[in-house]
Structure formats: structure tokens, C-alpha cells
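Following: one structure in C-alpha cells, then a few remarks.
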Amino acid sequence: MPVHFARLRIAGFKSFAEPTSVEILPGLTGIVGPNGCGKSNVIEALRWAMGESSARSLRGGEMEDVIFAGTVGRAARNLAEVTISLDEAAGLAPPPYHELHELEISRRIERGAGSAYRINGKEARARDVQTLFADLASGARASAMVSQGKVGALVSARPEERRALLEEAAGITGLHARRHEAELKLRAAEQNLARAEDLRGQLEARLGDLKKQARQANRYRNLSGAIRDAELEWLAVQRAIAEAARLKARTAYDATHQDVARLTIETTATAAQAAGTEADLPALRSIEADARTRLERARIEGEQLEQAESRARAALADAKRRLADLLRDHAHAEKQQADTEAALARLDDEQTRLTSEAEAAPAQLAALQQAADDALRNMQSAEQAANQATEAAARLDAETQATRKSLAEAEQRARRLAARLAEITAEHNRLRATQTPQATFDAAQAAQTEAEAAIQLAAADVIATEAARIEAEKTLAAARLAASTADAARARCKAESDALQAVIAGAQGKTQNRDFAPVLDQITVEPGFEAAFGAALREEASASLDQAAPRHWRNLGDLAAPPLPFPAIKLADKVSAPASLSRTLAHIFVLPDDTTDDAAATLQAGLAAGQCLVSKTGAIWRWDGYSARAGAPSAVAVTLTQRNRLAQLRGELEQAAAAADQAAMARRDAEQAEKSARAAEEAARGARRQAETRIERARLAFASLQAEASRAAAKLAAIEPELGRVVAEHHEADSALHAASAAAAGLPDIAAARAALDLARSTLADARTSEQRARTAHEAARQRDEARQKRLGFLARERADWVERGADFASRTTDLAARRREAEADAARLAAAPDDAALSRRAALDVLQQAETSHRHHANALNNAVAQAEAAAKSARAAENALASARENLVRQEAAVTAADFAWGSVAERILERFGVDAALPTITDPAPDAEERAKKKWDRLTRERDEMGPVNLRAEMESEEAEKSIAAIEHERGEITSAIAKLRGSIGHLNREGRERLSAVFTEVDRHFQSLFARMFGGGKAHLALVGSDDPLEAGLEIYAQPPGKKLATLSLLSGGEQALTALSLIFAVFRCNPAPISVLDEVDAPLDDANVERFCTLLEEMVRETGTRFLVVTHHHLTMARMDRLYGVTMQERGISRILSVDFNTAADMIDPPRMAAE
């Protein structure tokens, strides 16, 4: 049975603050109410629950806006929930709900927490819910949800956007989602494959580097060993050199110490002699100082007299220089005074001339101004005449140009329309000639029918072979599992057996190495009694039967054991042992498993001499009172247990080997059967692919013929009105051409107007030239007058400056004459001073010579005494220096000894630090001079070679092995990814083929229903659909061609508003007929229709209900639509901001009416 939408429950969604249920019953359900009361909120709740993800399409800014926001009297809600109930929904929902007949799909949103989907109370993915409704040709944006403006959007949509209607009719809306998901997985897999390739390339490149690094690491290790040997040799040479240097330093230190003692005595004697000569020096220095003082005083007096002479001569020269300067300045002042008088005379002459010219300037300016005014009036008259002539010529020229342009446009239009008429006539004839014959259609349809039958047979073969292949795969999987299990069991038994055999063989090998074999090698114990035997006989079991052994068993024969007063098992019955052990085994008893330690202790008291009790767990109670609880099994028990287990494993191994061989044979048979089934399936799939290719070609050929025929018919129907229009426009263009030619012939001659214009322009040019000349002359005269007035003012200021300058020059001349006289008097006064100063200086020079002679005599005496003292001091200092040098040398020798000791200690410490106490240094007794240098060079060379290698990866070998393992793992993953990509591509190709098949198959059916519904909606007329834009049905667009009664065939966009609405509704209902949706919402789609079209619309809805069983929810304001509904839901808003729903069932209401009373009324 088809799926049914049973009810819609709304709680907290938009204006529905209280929980409200809307029963979605069969037939037509109307939703009515005033504007703004919440009718569209019911529809939006349904769309939101179906998976609408855009808040804007729900008239909100964000998704939380769908929650009830509160009113003045009610608080806002924190959550909203909408639930849709579905009946007869078995097989629709994803697992685990696919077997349920009733589904409740709810969507719940909470502020700040987002929304969640639930199916029967359990959370589900949004994609699963959206795919569920898409498979029902429903959903938030399905064509069955015709909201406000959806009809207009369908009219204005591009052909590619209208293809969604065909996809819903074909039931491939969910197919698109699956294909998109597969494409996403394919892209992800391809990206993973690319990343794996990149990673593999990187690892391979790194593997090459690692191998090089491994070779470098080996060389690095070899060099490190050579460096260690070279360093040992170098340190040995250093130690030998340090020991020789230490011996040499101690010898030099002893010799230097003796030199210091000798030099100390010599220094004391020379110091006493220097002190005696130094005592005579103070008296001689005092006499020499007095003579030097008298000499300095005479020298200073001479210098002062020399300076006085120089000052006198400088003062005389300065007086003579000042006198010369004053004479020169006086002559210059007299010359400036003469220049001032000449300048004043020149300024007076120029002022007189300019004053006379200024008096005649006003009359000359007036005459020039009059001439300029006359020339301006003449120019204005000429300009007015030229403007009038220009306007006349321009007016006449414009009329001529307009007439000629009209004539040219008429000729061009006539030529264009003639060419268009010829072109459209040829196209009309060509379209009539290229119409496809009916025989071609019949042949293409027959080929398509034949191909469909072939693909059905091929599909059946694929299903059968696929089932056989699946069964073979199941059998193979079971066989592989059984073989794997058997192999694992055999391997497990083999491994355990080998391990036990190795352990037992090792133990036997140890005993065989002894001189005497233990008796334990000849004992066999039943399974379960090993611990009991090991507890009873521990060290005794390792004794030998050989009488020569230090510990051995002797056969003393059987000894009857007294019976026990309680039930117990004799250990001898469970053990196979040599006769030598029969006596001791006869006195050992095994207690039952349920015997407790307390009970065993009680039984212990009744044992006879030599008897003991043991348990299977390894506890023991002897007759002499000794007891031991069960603990870790003894070595004897372990050995016996291992032997028993080995015997058991050998039997199990034989059984496991037989089972593994049998399972391997079954697996090989299953593999061969699976291979044959797979080959048969591949052959069947190849046959189906060939059949699919044939049917695809046949369908494409038939669809191409249909599309070509439709396009040709549409083009022919569209070109006929165009042909009539072009013929009428051509006649009209011929009439316009004749009228334009007549107007051009009646135009006046423009040459006279142009000649008058040229004459006026020439007169105007002459007048402008005359006016320009007069204006220029007047302006030049005015500028000259202004310059003259400025010059007169300047002359007055300049004359005043020269008068002032003349007064200054006269005053300066008088002053310079007075200063000249003073300078002459000073020069006469200073003329005799230099000679007087020279006489005084010569007398002082004689005194200075006498003082120098006396000082020289006393200085020589002092110098001789100082020389003797210095010689003695020098000898003392030489001795002290020699002593100091000797002491310093002693210190140096002591430091050398210390340094030699330190160097030897450093070398020893370095040897200890680098190589430890047991360093194996080579023995070097007498190293060559260059031995250390050669050893160091060798060490440096090896170290440099190692350093030049740069950083070395010592883990390169390990990393190389890891890289090889990673490459192997990536190769394995690459194979898996490649296999997954091949499967995904196959799935996408299968989805595309299935989509094309469904879309091509449904197009013809939708077109047929559309033609029928269009004729019923319009009461006549014709219409059809066409796939345009691409030969691929999945990429082509859907174009609508309609011809209402009495009109021409045209596309949808050329129809009127009401015609567009009816045509769009016809297409929507045509889709319903092909793939009926369980529910359809029509939100005020009857608004653009008149009453007659509303009646047709309602009649069509009733027929759709009967034919498809679709349940319609119709939001309307039209009274005729309300009257045709089976029931009405009234949405009211009694409380402001709160919507409520009231329902009226018209069928129930009709039954409640009283027919007799109605008849009486």
C-alpha cells in the first residue's frame, strides 16, 4: 500500500505556542483565515520538519527564529518541535526502522543547542530524513510543495532549473543525493590515493637517502675507531714529551738558584760605593743654582728691553699707517661730494621734462578712448549681422541634413527588411523541407522496443549470475574460514608440541650428560595424577636404577601394605613404573577431590608406618606427621605433565592435519566455483552493458528525433508570424522611402545663404581688427602715463636722498681733516723712541754674557761630580738588575717546573678522562722532534675527515628498515584505495545510467500528461515540453511551449499572468500523474485565477485525488476554492500573537443537516 501522511503535530513553532495537531486526511484539506493569522506557519512547520535548512526561506534571520518568541502576556519558549506521522511506511526508513509500518519523524530545536531529528523517538541524521522524503517525491523544496511565489518562480526559472520537476517525476531526487555522496567519497578516495602516492614517493626518496646515510654511518664508525687510535698515539707522544720537559725544567731550576746566591753578594758591594759619591752632590748643586739664577735674571731683563724696542717701532709704524689711511679717506670724501652735486643736476633736468609730458597726456588719452568706442560699436553691428546670417544658414542646413538622414534611414530600412524577408522565406522553406518522416520515428521506436527487451533478458541473467556469485562467495568465505580455523588449530598444536618436545628434549639432554639416568625417564603417570606423584616422590624420582649411582633404587620386592580405614586410590594403579618402585608406590594413596585439608589431617592420624596421603593438587600427609599444602608444582610433576600433554598433542595434531587438508581441498573447490561464478557474472554484466549501450543509443536516437521534430515544429510555428510581420514592415518601409524622396526634392538651394554668411563673417573680422588696434593704442598711452607719474614720484624721492647724502659727505670731510692733523702730531712724537730702546738693550746684553760665563764654570764642576755618582749608581743598578734577572729567571724556572708538572698532569688527566685507567697507550721512550706534530696532524686529518662528513644519522639502518615497511604498507593501502575508487566509479556510472533511463522514460509520460492537462485547464489549445541545451537528459533543460485557444504557439514567458499560472499548474499536476507524492501543499496558487479558471482548477484537484490518492493541503482566500474542499482548518488569532486551529468537515456537516426541514424552508 502507498505511504500516507497521517497527521502533523506542532508545538512552540512560530505563532503556535500550544501543541496543535492537524489531521491530514484523504482528499482536499483547506487552510483558511485572515492575513497574518499564521496559515503559512502551518506549511512552514511541515517544510521545516522535512529538513528545510535555510532560515531565510522560513522568513527568519536565523534558525532559532522559528521558536515561539513570546507575546505581551506569554513568555517565550526555549524549544520548538514538529512531528509528522506516516502510515504504511514499511521499507521506507533506513535500518533499523525499515520494517515498521508507522513512523513518527520529528524535528526539535532548542535555543543555543541546535536542532535534532528523531525517527520513532531515536535520533537520526538530517541526511537520512531528507533522503527519506526525497524518495517519496516530497521534501522541503519538492515540486509538490507549491508555496507562495513558487508558480511565478517556475515561470521565470531557466530550463535547467525546471529539470528538477522531471527528476522528481522520475523519482531520482534521492538518486542525486546518493550520487553526490558517492562523488564526495570518490574525491576523498582520489585525494587519499594522491596523498599515498606522494607519501610513497617521499618515502622512496628518503629510503635512497637513508641508504646513503647508512654507508656514511659505517664510514663514520670506522673513522671514529681510527681517530681513537690516533688520539692514543698523540697522547702517548705528549706524555713522553711532558716527562722530558719536566726533567729538563728541574735541572735548569737548580742552576739558576746558585746564580742568585752569587749575584746577591755583588749587589751589596756596588750599592755602598754609589751611596759615598751621592753625598758630595748637594753643595755643588747649590752653587750651580745661584749662578743659574743670576743668568736667568739677566736673560729676562734683556728680553724685556728687546720687547720695549719692538713696541716702540710698532707704535711708530701704526701712526704712519693711520695717517696714510686718513689722507686716502679725505680724498674719497671730497670726490663723493662732487658726485652728489652732479646727480642733483641730472635729476632736476629729467623732472622738468616729465612734468611737461604729463600736462599733455589727458587730451591724448581722451582722443584714443573715443576712437576705441567707435571701433567697438562697429564690431557689435558686424557681429549681429553675422549671427543672423549664421542662424539662417544653420537652420536651412539642419533641414537639409534631417531630410537626407530620413531618406538614408528609409533606404537602409528598406534594404534590411528586403534581406530579412528573403532570409526568413528561405528559412521557412528549409524547415518545411527538413521535417522528419513518420517512418523514421517508427523505425527508431521499434529499435528502442527491441533494445528494451534485450536489456530485460540481460538484467535477468545478471540477477541470476549475481545470486550465484554471492552464494559462491558465501561458500568460499565459509570454506576459507574453516580452512583458516583448521590451519590455526594445526599450527597451534604443532607449535605447542614442538615447544614441549624442545623442553623435554632439553631436560633429557641434561640427564643424558650425567653418568646415571634417573628413574623418572622410565615412569608414566595417568593425566591428572602428575602433581600427586611429584608431591610423593620429589628427589627420589631423580635417583637412578643403576646400583653404582650415589643415589639409586634397589628392587626389594613387593611389601603388603595394611589397608586404609577409608576409601582412597592407590597411586600404583595410576603409575607405570619399574619394579624397584613398587614397594613405595604401594604405600601412597590419593585422596578424593572433595577431601578438605582438615579431613585429610584427621585421616593422617590413622596411617601405618611408611604410608602417605596425597591429593591431585600436590598436597601430602605422611604417616610420621609431616604434611605440606599444595603449592607450585614440583619439577617432577611438571615433567610428567609435559610428557602427558605431548602425547595428547600428537594425537590432536594428526586430527588437526587431516581436518586442515580436508578444509584446504574444500577451499580450493570453493575458489574454483567462485571464480567460475564471477566469470559468469562478468559475462552477464558485459552482455547487460552492451544491451544498456544499445538501449541508450536507441533512446537517445528516438529522443533526438523527437527533440529535433519538436524543435523544427516550434521553429516553424514561431517563424510564420515573423514572416507576416516582416512582409508588413517591408511595405511600410517602401512607403516611407517614397515620402522621404519627395521631401528631399523640395529643399531650397543653400549656396546663397552660405555666401551671405561668408560676407558677414569677413565684415566682422575687419571690425574686430580695427577695434583691437584702437583698444591697444589707448591701453599703451594709459600705461605710459602711469609710468611717467611713477617716475616723477621716484625722482622726488631720489633727489631728497642725494641732498641728504651731500650733507653727510660734507660733515665727514670736516671730521677727516681734524683726524689727519692729530695723526701727524702722533707720528712726530714717536719718531725718537726706537733709538733710545736700542741703547738700553745693548747694555743689558753685556751683563748677560758675564752671567753665562760664571754659570758655565759651576755647571761643569757639577756635571763632573754627577757623572761620577751616576757611574757608581749605574754599577749598582747593573748588579741589582743582574740579581733581579736571576731571581726572575729563578721564578720562571720554578714556573717552568710547575708548568711541566701541570702539562704532564694534564696529559695524564686527559688520558684518564678519555680512555680510563686501563688505557692501552703505545710505549714511546725517545720521541722525535716532530713526533707530536705528526701525531697531531694524523689526528686532525682523521677528525677533519669525520667532521667534513657533516651530520651523520647513526640510526639510518633502522630508519631504512622502517621506511621499507612503511612503503610496503602504503602499497597495500594503495591497492585497497584503487579498488575502492573503481567501485565508486562503477557506482556513479550505474547511478548516472539509472538516472538517464528513468528521466528519458518519464519525459514522454510527463509530456503526454502535460498536453492532456493543458487542454483541460484551458478548454482547448495545445502545448508540449522539450529538452533543450544538451543531448544528455541529466544536463538538458526543460522548455515549455504553449498555445492557448485562439493564440499562436509561444514559450511560457510570452504568455499572460493567468495563462502562465495555469500552464505551470498543468506541469506540476503532470508530474503528479507520473510519480504521485503522498502529500502536496498549494499555498494561495489560485490567487491570479478568475472564477472560471478556479472552477477548472478545483475540478482538476478532485480528479487528481481520485487518480493518485495524493492528500492536498490548500491555503486559499477564494470562496469557490473553500466551497470545493472536503474539510477546512481555520487558523485564528483570538489572542494576539497566538495562533489556534479550528476544523470543519463538510461531509459530516452535510450529514447533520435535516433534509425535511431544509425542504420546508
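The values are calculated or read from the model by the stated rules, or taken from the named source; none is laboratory data. Bear in mind that the values here come from a model prediction, so they are computed numbers and not experimental data. Virtual Cβ from ideal backbone geometry, glycine too; neighbours counted across all protein chains shown.
The residues in segment 1106-1125 that are over 18 Å from Gly38 (Cα atoms) and not in a helix (DSSP H, G or I) can be counted, and the count is 5. Residues that are touching a Gly at 6+ places or on another chain (Cβ under 6 Å) and assigned to a loop (DSSP other than H, G, I, E, B) do occur in segment 572-595, at least one of them.
Pick from Lys494, Lys510: which is at pLDDT 75 or above and among the basic types (Lys, Arg)? It would help to see each step written out before you state the result.
On the way: Lys510 fails: at pLDDT 75 or above.
One residue alone meets the criteria, Lys494.
When Pro34, Pro26, Pro95 are checked against the criterion of being closer than 28 Å to Glu1135 by Cα, part of a loop (DSSP other than H, G, I, E, B) and in the same structural domain as Leu1100 (by TED's automatic domain parsing), Pro34 stands alone in meeting it. Here the condition is being assigned by TED's automatic domain parsing to the domain that holds Leu1062 and over 30 Å from Val1085 (Cα atoms); of Ala153, Ala157, Ala113, Ala142, it holds for Ala113 alone.
Taken as a whole, the condition of being outside any strand (DSSP E or B), in contact (Cβ under 8 Å) with a residue 24 or more places away in the chain, of a type outside the set (Asp, Glu) and buried (at least 20 other Cβ atoms within 10 Å of the Cβ) does not apply to Gly73. Only one entry in Ala360, Ala317, Ala375, Ala382 is modelled with pLDDT of 75 or more, exposed (fewer than 14 other Cβ atoms within 10 Å of the Cβ) and among the aliphatic types (A, V, I, L, M), namely Ala317.
Within segment 598-612, which residues are assigned to a loop (DSSP other than H, G, I, E, B) and under 21 Å from Leu559 (Cα atoms)?
Quick first cut of segment 598-612, residues assigned to a loop (DSSP other than H, G, I, E, B) only: 605-611.
Within segment 598-612, Gly606, Leu607, Ala608, Ala609, Gly610, Gln611 qualify.
Checked against the criterion of being among the aliphatic types (A, V, I, L, M), loosely packed, with under 13 Cβ neighbours inside 10 Å, within 49 Å of the chain's Cα centre (by Cα) and farther than 30 Å from Asn644 by Cα, segment 452-459 contains not a single residue that satisfies it. Only residues that are small (Gly, Ala, Ser) and farther than 21 Å from Gln522 by Cβ were counted across segment 540-568, and they come to 3.
In the condition set (1) among the small types (Gly, Ala, Ser); (2) assigned to a loop (DSSP other than H, G, I, E, B); (3) closer than 17 Å to Arg7 by Cα, Ser106 is compliant with all but (2).
Here Arg877 fulfils each of the conditions (1) buried (at least 16 other Cβ atoms within 10 Å of the Cβ); (2) touching a residue at least 12 places away in the same chain (Cβ under 8 Å) apart from (2). Regarding segment 1073-1080, can at least one residue be identified that is crowded, with 17+ Cβ neighbours inside 10 Å and part of a helix (DSSP H, G or I)? So far as segment 1073-1080 goes, yes, one or more of its residues are crowded, with 17+ Cβ neighbours inside 10 Å and part of a helix (DSSP H, G or I).
Here's the yes/no breakdown for (1) under 30 Å from Ala333 (Cβ atoms); (2) surrounded by 12 or more Cβ atoms within 10 Å (Cβ to Cβ); (3) free of Cβ contacts under 8 Å to residues at least 40 places away in the same chain; (4) touching a strand residue (DSSP E or B) at 6+ places or on another chain (Cβ under 9 Å):
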| site | (1), (2), (3), (4) |
| --- | --- |
| Ala818 | yes, no, yes, no |
| Ala827 | yes, yes, no, no |
| Arg841 | no, yes, no, no |
| Thr853 | no, no, yes, no |
| His858 | no, yes, no, no |
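Beta carbons closer than 9 Å, at least 6 apart along the sequence or on distinct chains, pair a first residue in segment 614-626 that is at positive phi with a second that is surrounded by fewer than 20 Cβ atoms within 10 Å (Cβ to Cβ) and not β-branched (Val, Ile, Thr) for Gly618/Ala628; Gly618/Arg629; Gly618/Ala630; Gly618/Gly631; Gly618/Ala632; Gly618/Pro633; Gly625/Gln604; Gly625/Ala605.
Listed by first and then second residue, the pairs linking a residue in segment 648-659 that is on the phi < 0 side of the Ramachandran plot and surrounded by 13 or more Cβ atoms within 10 Å (Cβ to Cβ) to a residue that is hydroxyl-bearing (Ser, Thr, Tyr) and not in a helix (DSSP H, G or I), with Cβ atoms under 9 Å apart and 6 or more places separating them unless they lie on different chains, form an empty list.
Starting from residues that are of a type outside the set (S, T, N, Q), more than 10 Å from Leu28 (Cβ to Cβ) and more than 57 Å from the chain's Cα centre (by Cα), keep the ones in segment 1093-1113 and report whichever is surrounded by the fewest Cβ atoms within 10 Å (Cβ to Cβ). Explain how you work it out, then say what you get.
Of segment 1093-1113, the ones of a type outside the set (S, T, N, Q) are 1094-1098, 1100-1107, 1109, 1111-1113.
So of that shortlist, the ones also more than 10 Å from Leu28 (Cβ to Cβ) come out as 1094-1097, 1100, 1103, 1106-1107, 1109.
Imposing the further condition that a residue be more than 57 Å from the chain's Cα centre (by Cα) reduces the set to 1094-1096, 1103, 1106.
Numbers: Val1094: 19, Glu1095: 14, Arg1096: 16, Glu1103: 14, Arg1106: 9.
This residue is Arg1106.
Take Thr1004 and tell me if it is polar (S, T, N, Q) and either touching an Asp or Glu at 6+ places or on another chain (Cβ under 8 Å) or farther than 26 Å from Ala134 by Cβ (or both). In short, no. Considered as a group, the residues in segment 1040-1072 that are at pLDDT 80 or above, among the hydroxyl-bearing types (Ser, Thr, Tyr) and part of a helix (DSSP H, G or I) include one that is surrounded by the most Cβ atoms within 10 Å (Cβ to Cβ), and that residue is Thr1063. Being over 18 Å from Arg1111 (Cβ atoms), of a type in the set (Ser, Thr, Tyr) and either under 42 Å from the mean Cα position of the chain (by Cα) or in a loop (DSSP other than H, G, I, E, B) (or both): is that true of Ser53 here? Here the answer is yes, as Ser53 does meet what is asked.
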